[in-house]
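Trainee: Before we start, here is the structure in question, set down as structure tokens.
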2 protein chains.
Amino acid sequence: MSVTAAKGFTAAGIAAGIKESGNPDLALVVNNGPRRAAAGVFTSNRVKAAPVLWSEQVLKGGVVSAVVLNSGGANACTGPQGFQDTHATAEKAAEVLPGHSAGEIAVASTGLIGLLLPMDKLLPGVETAAGQLSEHGGEKAAIAIKTTDTVHKTAVREGDGWTVGGMAKGAGMLAPGLATMLVVLTTDADLDAPGLDKALRDATRLTFDRIDSDGCMSTNDTVLLLASGASGVVPAYEAFAAAVREVCDDLARQLIGDAEGASKDIRIEVIGAASEDDAVEVGRSIARNNLLKCAIHGEDPNWGRVLSAIGTTAAVFEPDRLNVAINDIWVCKNGGVGADRDLVDMRFREVRITADLAAGSQSAVIWANDLTADYVHENSAYSS
Amino acid sequence: MSVTAAKGFTAAGIAAGIKESGNPDLALVVNNGPRRAAAGVFTSNRVKAAPVLWSEQVLKGGVVSAVVLNSGGANACTGPQGFQDTHATAEKAAEVLPGHSAGEIAVASTGLIGLLLPMDKLLPGVETAAGQLSEHGGEKAAIAIKTTDTVHKTAVREGDGWTVGGMAKGAGMLAPGLATMLVVLTTDADLDAPGLDKALRDATRLTFDRIDSDGCMSTNDTVLLLASGASGVVPAYEAFAAAVREVCDDLARQLIGDAEGASKDIRIEVIGAASEDDAVEVGRSIARNNLLKCAIHGEDPNWGRVLSAIGTTAAVFEPDRLNVAINDIWVCKNGGVGADRDLVDMRFREVRITADLAAGSQSAVIWANDLTADYVHENSAYSS
């Protein structure tokens, strides 16, 4: 399914030899039209990888005819040579895809920062992938963009005569603005670039921007939405936007569920906020509190650490009116001791924290992970 | 030495039974004058423990005649009862210390959040401690405020006829504004409260405010500076301020050196910044990056994670002008690959990261720790 669930798209995923392991590491997604409209959202990190700088330029035209993605190297902090390598990748794709031009080909990379890509393997890989393009290639493409992901991630929603599908990769460096990841969404709905852009931004704001596995924002985050128009259907905006949001939400949850070393998925809902911004700020502060993340790992309903995280924000609240529930047990009431903490059952992977600021009617949900020894192990040995 | 290095002070440290382990858990520091001037700096967390709320009021008068400190419980998020308990503690100290009044007695607590203190043990403990006050009691007091600290922390600097000494506790929840900790400094210099306040704020801004072990800000941070005037010497401000800063710096380094589960002390120096605020913002962002902290634990000179942390700030810089050294090897130059990373020797506990923003002449140093499996273990089992 993945990026080839919608009509008008072909894809491939191959092992180009970028990864020393020999695992798949290069994906190609092609929009065969008739339309080639596109929208993109990129990392807000000011240190942007070469492919992000390239693809941001491509997206300004509102047209993307193909996307080349590689794992095994982020091509970030690689200077002018890194940018030339991205450019050469797009040129190579244009060369092997008849009727395409480099200026309409997006590039995305993921892997270690600070290393040049092995172009002697990547460029032939683009040609190999072009030879394997298929309407059933979506799964292979999703597999080829994995780094430390243990599973590949895809999602699909069906509309009334049209489809939205997609693939995602991401397991570490997951934090808002955007979460660290590569995502390609495709649709056969007949929409122009501005409509796609609005639907994509509305969706990412509430999904990928609200997961925070480890507080670390990537240099390579890229989310693309490509429309082929192959269904011939022009959907109502609301229905289409809802489908895009559902696919993004599905993929975002899969990212959290596969986060490096995590043993818990933590759903943090902030309610009673004076504004949505307050709710998001408080949710992120809770999501990033290492002591709380350790406590959740230890199945310890340590609401004091929730309060100490809330206390570092500028949100509207009074400390003695705060309420906190963990798995629906209100262990903190009015800033002090509430229900018996022994009532909280934390055996399952999903943990729900509800923080009531008692200051209004706005709310937000942030998804996070616990902090584990496995996370430390995985990330202290990653590049060695 | 500790808080009784300066003339005019007595102290005691006892086991009152607050800790189930039976370890020392209650300290008393008394200023016997002739002066009883004082200054204090407290956590900027908006969720403040009862003793912080109490002591902030006491310090407004500029006079502190005694300090009662307990470990084994933070008395945070304990509502009106918690505040009454702090008040009762000060009243009890005033009762057993002739000539003292409760309104001039500061209280500090540390330990688990969200539990009421066992007042049936704490109040008799205050009386016991009063009976053991001694000019040699500083070490015992420093020992009694330990929580997860593996060692007690003291420091002393001698001036020209006067002395500044102090004690600190803190091992987790260490982050700027202030670092999580209790600190009592004493001096026999003859200074008034405004002078003490200026010297203390100047010192904490550059020391305790610039350590960040785990990004978690406490509800209980308290730093007090008490002056007895017993030396009869009125020091020059600069000399006194320098001594206070040195004692604070010494204690701050001891806190980092004993941080929970840490295997590395990381000195992050940001240079070439357009402003000191920029340097501090960038330093803190690097200090809090979990992926980088894991890499340092693994002795991996992963400068890409330094750049990705810098990129999340609003500081003035151009990505392609950033330089990063790890243990003095410039592994990143102009935003890209610099010297061979294999030249970096990271076997020792201290690791030095230098980040050059190439945007000005300002700088700042932030101290941090690595992130380890031991930190996770210690903090996932802490309250159970």
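The values are calculated or read from the model by the stated rules, or taken from the named source; none is laboratory data. Just so it is clear, the structure is predicted and the values come from calculations on it, not from any experiment. FYI the Cβ positions are ideal-geometry reconstructions off the backbone, even for glycines, and counts take in every protein chain you see. Each accessible area value is taken on the protein alone, full model and side chains, heavy atoms only, with ligands, DNA and RNA left out. Shrake-Rupley method; radii C 1.70, N 1.55, O 1.52, S 1.80 Å.
Trainee: Being open to solvent by 30 Å² or more (accessible area, probe 1.4 Å), within 30 Å of A:Asp370 (Cβ to Cβ) and either assigned by TED's automatic domain parsing to the domain that holds A:Gly170 or out of contact with any Leu (no Cβ under 8 Å at 6 or more places or on another chain) (or both) is the requirement here; does A:Asp209 meet it? Walk me through it before giving the result.
Mentor: Values: open to solvent by 30 Å² or more (accessible area, probe 1.4 Å): yes; within 30 Å of A:Asp370 (Cβ to Cβ): yes; either assigned by TED's automatic domain parsing to the domain that holds A:Gly170 or out of contact with any Leu (no Cβ under 8 Å at 6 or more places or on another chain) (or both): yes.
Here the answer is yes, as A:Asp209 does meet what is asked.
Trainee: Residue by residue through region B:362-384, note down the ones that are more than 7 Å from every other protein chain (Cβ to nearest Cβ), farther than 19 Å from A:Ser380 by Cα and open to solvent by less than 50 Å² (accessible area, probe 1.4 Å).
Mentor: B:Ala364, B:Val365, B:Ile366, B:Trp367
Trainee: Could I ask something else about it? Return the residues of region B:313-353 that are farther than 15 Å from B:Asn302 by Cβ and polar (S, T, N, Q); say none if nothing qualifies.
Mentor: B:Thr313, B:Asn323, B:Asn334
Trainee: Moving to a separate point now. Can you name the residue in region A:263-282 that is in a helix (DSSP H, G or I) and out of contact with any Phe, Trp or Tyr (no Cβ under 9 Å at 6 or more places or on another chain) and is also nearest to the other protein chains (Cβ to nearest Cβ) among such residues?
Mentor: Keep residues of region A:263-282 that are in a helix (DSSP H, G or I), which gives A:276-282.
Retained after the next criterion (residues that are out of contact with any Phe, Trp or Tyr (no Cβ under 9 Å at 6 or more places or on another chain)): A:276-277, A:279-281.
Values: A:Glu276: 20, A:Asp277: 17, A:Ala279: 16, A:Val280: 16, A:Glu281: 13 Å.
Ranking the qualifying residues of region A:263-282, first place goes to A:Glu281.
Trainee: Here is a follow-up. Using the structure shown, decide if B:Glu127 is in contact with a helix residue (DSSP H, G or I) (Cβ under 7 Å, 6 or more places away or on another chain), under 15 Å from B:Ala12 (Cα atoms) and surrounded by fewer than 23 Cβ atoms within 10 Å (Cβ to Cβ).
Mentor: On the way: in contact with a helix residue (DSSP H, G or I) (Cβ under 7 Å, 6 or more places away or on another chain): yes; under 15 Å from B:Ala12 (Cα atoms): yes; surrounded by fewer than 23 Cβ atoms within 10 Å (Cβ to Cβ): yes.
Yes.
Trainee: Hey, can you tell me all the residues within region B:318-342 that are under 31 Å from the mean Cα position of the chain (by Cα) and crowded, with 23+ Cβ neighbours inside 10 Å?
Mentor: Scanning region B:318-342 gives B:Val324, B:Ala325, B:Ile326.
Trainee: Taking region B:219-267, which residues are open to solvent by 50 Å² or more (accessible area, probe 1.4 Å) and free of Cβ contacts under 8 Å to residues at least 24 places away in the same chain?
Mentor: B:Ala236, B:Glu238
Trainee: Looking for whichever is within 12 Å of chain B (Cβ to nearest Cβ) and at pLDDT 95 or above here; the options are A:Val337, A:Val351, A:Val324, A:Val306. Which one fits? Break it down into steps so the answer makes sense when it comes.
Mentor: Numbers: A:Val337 fails: at pLDDT 95 or above; A:Val351 fails: within 12 Å of chain B (Cβ to nearest Cβ); A:Val306 fails: at pLDDT 95 or above.
Exactly one of A:Val337, A:Val351, A:Val324, A:Val306 is within 12 Å of chain B (Cβ to nearest Cβ) and at pLDDT 95 or above, namely A:Val324.
Trainee: Identify, from the list B:Asp374, B:Asp342, the residue that is part of a helix (DSSP H, G or I), without any contact (Cβ under 8 Å) to a residue 12 or more places away in the chain and not aliphatic (A, V, I, L, M). Talk me through it step by step, then tell me what you get.
Mentor: Numbers: B:Asp374 fails: without any contact (Cβ under 8 Å) to a residue 12 or more places away in the chain.
Of the residues listed, the single one that is part of a helix (DSSP H, G or I), without any contact (Cβ under 8 Å) to a residue 12 or more places away in the chain and not aliphatic (A, V, I, L, M) is B:Asp342.
Trainee: So which residues in region B:7-24 are in a loop (DSSP other than H, G, I, E, B) and not small (Gly, Ala, Ser)?
Mentor: At the first step, the residues of region B:7-24 found to be in a loop (DSSP other than H, G, I, E, B) are B:7-8, B:15-24.
Scanning region B:7-24 gives B:Lys7, B:Ile18, B:Lys19, B:Glu20, B:Asn23, B:Pro24.
Trainee: Further, regarding this structure: Just to verify a result, which residue in region B:34-71, among those that are open to solvent by 10 Å² or more (accessible area, probe 1.4 Å), in contact (Cβ under 8 Å) with a residue 60 or more places away in the chain and within 14 Å of chain A (Cβ to nearest Cβ), is nearest to the chain's Cα centre (by Cα)?
Mentor: For region B:34-71, the residue satisfying everything is B:Phe42.
Trainee: Related question: Hey, can you tell me all the residues within region B:201-220 that are assigned to a loop (DSSP other than H, G, I, E, B) and modelled with pLDDT under 80? Give the derivation first.
Mentor: Step one: filter region B:201-220 for residues assigned to a loop (DSSP other than H, G, I, E, B), giving B:207, B:213-220.
B:Ser213, B:Asp214, B:Gly215, B:Cys216, B:Met217, B:Ser218, B:Thr219, B:Asn220, listed by residue number.
Trainee: For region B:25-71, which positions are part of a loop (DSSP other than H, G, I, E, B), among the hydroxyl-bearing types (Ser, Thr, Tyr) and at pLDDT 90 or above? Explain how you work it out, then say what you get.
Mentor: Residues of region B:25-71 part of a loop (DSSP other than H, G, I, E, B): B:25, B:32-36, B:43-49, B:61-62, B:64-65, B:71.
Subset that is among the hydroxyl-bearing types (Ser, Thr, Tyr): B:43-44, B:65, B:71.
Within region B:25-71, B:Ser65, B:Ser71 meet the criteria.
Trainee: Please go through region B:289-303 and pick out each residue that is more than 7 Å from chain A (Cβ to nearest Cβ) and either buried (at least 24 other Cβ atoms within 10 Å of the Cβ) or of a type outside the set (Asp, Glu) (or both).
Mentor: Taking region B:289-303 first, the residues more than 7 Å from chain A (Cβ to nearest Cβ) are B:292-293, B:296, B:299, B:301.
Within region B:289-303, B:Leu292, B:Lys293, B:Ile296, B:Pro301 meet the criteria.
Trainee: If B:Ala359 meets every condition in (1) more than 12 Å from chain A (Cβ to nearest Cβ); (2) open to solvent by less than 10 Å² (accessible area, probe 1.4 Å) apart from one, which number is that one?
Mentor: B:Ala359 satisfies all of (1) more than 12 Å from chain A (Cβ to nearest Cβ); (2) open to solvent by less than 10 Å² (accessible area, probe 1.4 Å) except (2).
Trainee: Please state which one of A:Ala15, A:Ala94, A:Ala11, A:Ala102 is closer than 27 Å to A:Cys248 by Cβ and either assigned by TED's automatic domain parsing to the domain that holds A:Ile145 or in contact with an Asp or Glu (Cβ under 9 Å, 6 or more places away or on another chain) (or both).
Mentor: Going through A:Ala15, A:Ala94, A:Ala11, A:Ala102 in turn, just one is closer than 27 Å to A:Cys248 by Cβ and either assigned by TED's automatic domain parsing to the domain that holds A:Ile145 or in contact with an Asp or Glu (Cβ under 9 Å, 6 or more places away or on another chain) (or both): A:Ala11.
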